[in-house]
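Please read the structure below before turning to the comments.
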Amino acid sequence: MVTIGSALSVLAAVFTATTTPAPTNNYRWPLEPLPAVSRGYEAPPQRWAAGHRGVDLVGGPGQSVSAAGTGVIAFSGVIAGRGVVTVQHPSGWRTTYEPVIDTPDVGAAVQGGETIGTLEGSPMHSHCAPQICLHWGLITGRDTYRDPLSLLRGPYPILIPLK
(Lines give C-alpha, C1' and ligand atoms only; values in the text may rest on other atoms or scores of the structure.)
Protein backbone atom coordinates (compact mmCIF):
# COMPACT_ATOMS: atom_id res chain seq x y z
CA MET A 1 0.00 0.00 0.00
CA VAL A 2 1.34 3.42 -0.97
CA THR A 3 0.89 6.09 1.65
CA ILE A 4 1.06 9.84 1.17
CA GLY A 5 4.25 9.89 3.27
CA SER A 6 6.01 7.28 1.12
CA ALA A 7 4.90 8.99 -2.10
CA LEU A 8 6.24 12.32 -0.83
CA SER A 9 9.53 10.66 0.12
CA VAL A 10 9.92 9.29 -3.39
CA LEU A 11 9.08 12.68 -4.96
CA ALA A 12 11.55 14.43 -2.64
CA ALA A 13 14.28 11.96 -3.59
CA VAL A 14 13.62 12.44 -7.31
CA PHE A 15 13.51 16.23 -6.96
CA THR A 16 16.74 16.28 -4.93
CA ALA A 17 18.55 14.02 -7.40
CA THR A 18 17.71 16.28 -10.32
CA THR A 19 18.21 19.70 -8.71
CA THR A 20 21.09 19.35 -6.27
CA PRO A 21 24.38 20.68 -7.67
CA ALA A 22 27.50 18.55 -7.47
CA PRO A 23 29.85 19.17 -4.53
CA THR A 24 31.60 22.50 -5.05
CA ASN A 25 34.90 21.65 -3.36
CA ASN A 26 36.16 19.55 -6.29
CA TYR A 27 35.55 22.00 -9.13
CA ARG A 28 37.38 25.09 -10.30
CA TRP A 29 37.32 27.75 -12.98
CA PRO A 30 38.49 26.46 -16.39
CA LEU A 31 40.44 29.67 -17.09
CA GLU A 32 43.08 31.48 -15.06
CA PRO A 33 43.34 34.16 -13.93
CA LEU A 34 39.76 34.34 -12.68
CA PRO A 35 37.73 35.19 -15.82
CA ALA A 36 34.89 37.62 -16.16
CA VAL A 37 31.53 36.17 -17.19
CA SER A 38 30.43 37.99 -20.35
CA ARG A 39 27.15 36.08 -20.62
CA GLY A 40 25.49 33.88 -18.05
CA TYR A 41 23.40 30.75 -18.26
CA GLU A 42 19.85 31.22 -19.56
CA ALA A 43 17.62 28.18 -19.20
CA PRO A 44 15.28 27.72 -22.16
CA PRO A 45 11.55 27.85 -21.40
CA GLN A 46 11.26 24.34 -22.90
CA ARG A 47 14.00 21.77 -23.54
CA TRP A 48 13.81 22.37 -27.30
CA ALA A 49 13.63 26.18 -27.15
CA ALA A 50 16.37 28.79 -27.47
CA GLY A 51 18.47 29.60 -24.44
CA HIS A 52 22.12 29.95 -23.48
CA ARG A 53 23.14 26.51 -22.23
CA GLY A 54 26.35 27.51 -20.51
CA VAL A 55 28.36 30.58 -19.60
CA ASP A 56 30.81 32.64 -21.66
CA LEU A 57 34.09 33.33 -19.90
CA VAL A 58 36.31 36.11 -21.25
CA GLY A 59 39.68 34.76 -22.34
CA GLY A 60 42.54 35.42 -24.67
CA PRO A 61 43.83 33.72 -27.80
CA GLY A 62 46.01 30.75 -26.96
CA GLN A 63 45.02 30.73 -23.29
CA SER A 64 45.15 27.34 -21.55
CA VAL A 65 41.79 25.74 -20.81
CA SER A 66 41.68 23.45 -17.77
CA ALA A 67 39.31 20.69 -16.73
CA ALA A 68 36.95 22.06 -14.08
CA GLY A 69 37.17 18.75 -12.23
CA THR A 70 38.65 15.28 -12.33
CA GLY A 71 37.31 12.97 -15.01
CA VAL A 72 37.81 11.32 -18.38
CA ILE A 73 37.73 12.92 -21.82
CA ALA A 74 34.41 11.69 -23.26
CA PHE A 75 34.51 13.74 -26.48
CA SER A 76 37.23 15.63 -28.29
CA GLY A 77 36.47 16.84 -31.78
CA VAL A 78 34.95 19.46 -34.02
CA ILE A 79 31.26 20.42 -33.98
CA ALA A 80 29.99 23.13 -36.34
CA GLY A 81 33.56 24.21 -37.08
CA ARG A 82 34.56 24.62 -33.42
CA GLY A 83 36.77 22.42 -31.30
CA VAL A 84 34.81 20.92 -28.40
CA VAL A 85 35.94 18.91 -25.38
CA THR A 86 33.64 17.09 -22.97
CA VAL A 87 34.87 15.80 -19.61
CA GLN A 88 32.84 13.04 -17.91
CA HIS A 89 33.12 13.40 -14.12
CA PRO A 90 32.73 10.60 -11.54
CA SER A 91 29.31 12.03 -10.60
CA GLY A 92 28.15 11.20 -14.14
CA TRP A 93 27.90 14.91 -14.93
CA ARG A 94 29.72 16.32 -17.96
CA THR A 95 31.39 19.68 -18.49
CA THR A 96 31.88 21.06 -22.00
CA TYR A 97 34.41 23.54 -23.36
CA GLU A 98 34.49 25.36 -26.71
CA PRO A 99 36.19 26.59 -28.88
CA VAL A 100 39.37 24.73 -27.99
CA ILE A 101 42.26 23.25 -29.96
CA ASP A 102 45.20 20.99 -29.05
CA THR A 103 42.92 18.68 -27.07
CA PRO A 104 43.65 15.27 -25.49
CA ASP A 105 42.38 11.98 -26.89
CA VAL A 106 39.04 10.46 -25.87
CA GLY A 107 39.55 8.20 -22.87
CA ALA A 108 42.40 10.25 -21.36
CA ALA A 109 42.10 10.71 -17.59
CA VAL A 110 42.37 14.32 -16.41
CA GLN A 111 42.66 15.98 -13.04
CA GLY A 112 40.84 19.14 -12.07
CA GLY A 113 43.01 22.06 -13.17
CA GLU A 114 44.86 20.01 -15.81
CA THR A 115 45.11 21.59 -19.26
CA ILE A 116 42.69 20.04 -21.76
CA GLY A 117 43.24 22.45 -24.64
CA THR A 118 44.00 25.92 -25.84
CA LEU A 119 41.40 28.62 -26.39
CA GLU A 120 40.92 29.20 -30.13
CA GLY A 121 42.22 32.67 -30.93
CA SER A 122 40.04 33.63 -33.88
CA PRO A 123 36.91 35.72 -33.22
CA MET A 124 35.20 33.81 -36.06
CA HIS A 125 35.32 30.69 -33.85
CA SER A 126 33.84 32.53 -30.86
CA HIS A 127 30.15 33.21 -30.50
CA CYS A 128 31.25 36.18 -28.36
CA ALA A 129 32.85 37.91 -31.37
CA PRO A 130 34.62 40.23 -31.53
CA GLN A 131 35.61 39.15 -28.02
CA ILE A 132 37.41 35.84 -27.38
CA CYS A 133 35.60 33.65 -24.87
CA LEU A 134 35.29 30.11 -23.63
CA HIS A 135 31.77 28.70 -23.70
CA TRP A 136 31.62 26.43 -20.63
CA GLY A 137 28.67 24.10 -20.12
CA LEU A 138 27.37 21.54 -17.65
CA ILE A 139 25.17 18.58 -18.57
CA THR A 140 23.50 16.34 -15.98
CA GLY A 141 21.62 13.15 -16.64
CA ARG A 142 21.23 12.26 -20.28
CA ASP A 143 20.85 15.78 -21.66
CA THR A 144 19.82 18.27 -18.98
CA TYR A 145 21.80 21.50 -19.16
CA ARG A 146 22.58 23.37 -15.93
CA ASP A 147 24.49 26.48 -14.94
CA PRO A 148 28.18 25.48 -14.63
CA LEU A 149 28.71 28.30 -12.14
CA SER A 150 26.71 26.14 -9.70
CA LEU A 151 29.82 23.94 -9.49
CA LEU A 152 31.82 26.82 -8.00
CA ARG A 153 31.82 29.04 -5.00
CA GLY A 154 31.09 32.72 -5.69
CA PRO A 155 31.53 35.57 -6.10
CA TYR A 156 31.55 35.62 -9.88
CA PRO A 157 32.98 38.56 -11.83
CA ILE A 158 30.31 39.73 -14.28
CA LEU A 159 30.86 42.18 -17.12
CA ILE A 160 28.21 44.87 -17.22
CA PRO A 161 27.62 46.29 -20.72
CA LEU A 162 28.37 49.97 -21.21
CA LYS A 163 25.47 51.96 -22.61
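The values are calculated or read from the model by the stated rules, or taken from the named source; none is laboratory data. Worth saying up front: this structure is predicted, and the values here are computed from it rather than measured. Counting neighbours? That spans all protein chains shown, and the Cβs are built from the backbone with ideal geometry, glycine included. Accessible surface areas use protein heavy atoms only, side chains included; no ligands, DNA or RNA. Shrake-Rupley method; radii C 1.70, N 1.55, O 1.52, S 1.80 Å.
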The Kirkwood hydrodynamic radius of the range 25-158, taken as the inverse of the mean 1/r over all distinct Cα pairs, in Å, comes to 14.6 Å
Distance in Å, no decimals, from the C-alpha centre of the range 73-136 to the one of the range 33-49 is 16 Å
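Would you work out the charge dipole size for the range 84-147 about its Cα centre, treating the Cβ of every Lys and Arg as +1 and the Cβ of every Asp and Glu as -1, and quote it to the nearest 20 debye? Could you put the intermediate results ahead of the total?
Working: 3 positive and 7 negative charges, 46 e Å.
My answer is approximately 220 debye.
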Just to be sure I understand the model, the point goes 7 Å from the Cα along the line to the Cβ. What's the resulting Leu34 to Phe75 distance in nm? 3.1 nm
To the nearest 0.05, the calculated FRET efficiency linking Asp102 and Cys128 through their beta-carbon distance, R0 being 25 Å, is 0.80
In terms of solvent-accessible area of protein heavy atoms at a 1.4 angstrom probe, what is the ranking of Arg47, Arg142, highest value first? Arg142, Arg47
Applying the Karplus parametrisation 6.51 cos²θ - 1.76 cosθ + 1.60 with θ = phi - 60° to the phi angles of the range 132-139, what ³J(HN,Hα) value in whole Hz is obtained for each residue in order, glycine and proline being reported as x? 9, 9, 9, 8, 10, x, 9, 10
For the range 52-117, the dipole about the Cα centre with charges only on Cβ (Lys and Arg +1, Asp and Glu -1), to the nearest 20 debye, works out at 180 debye
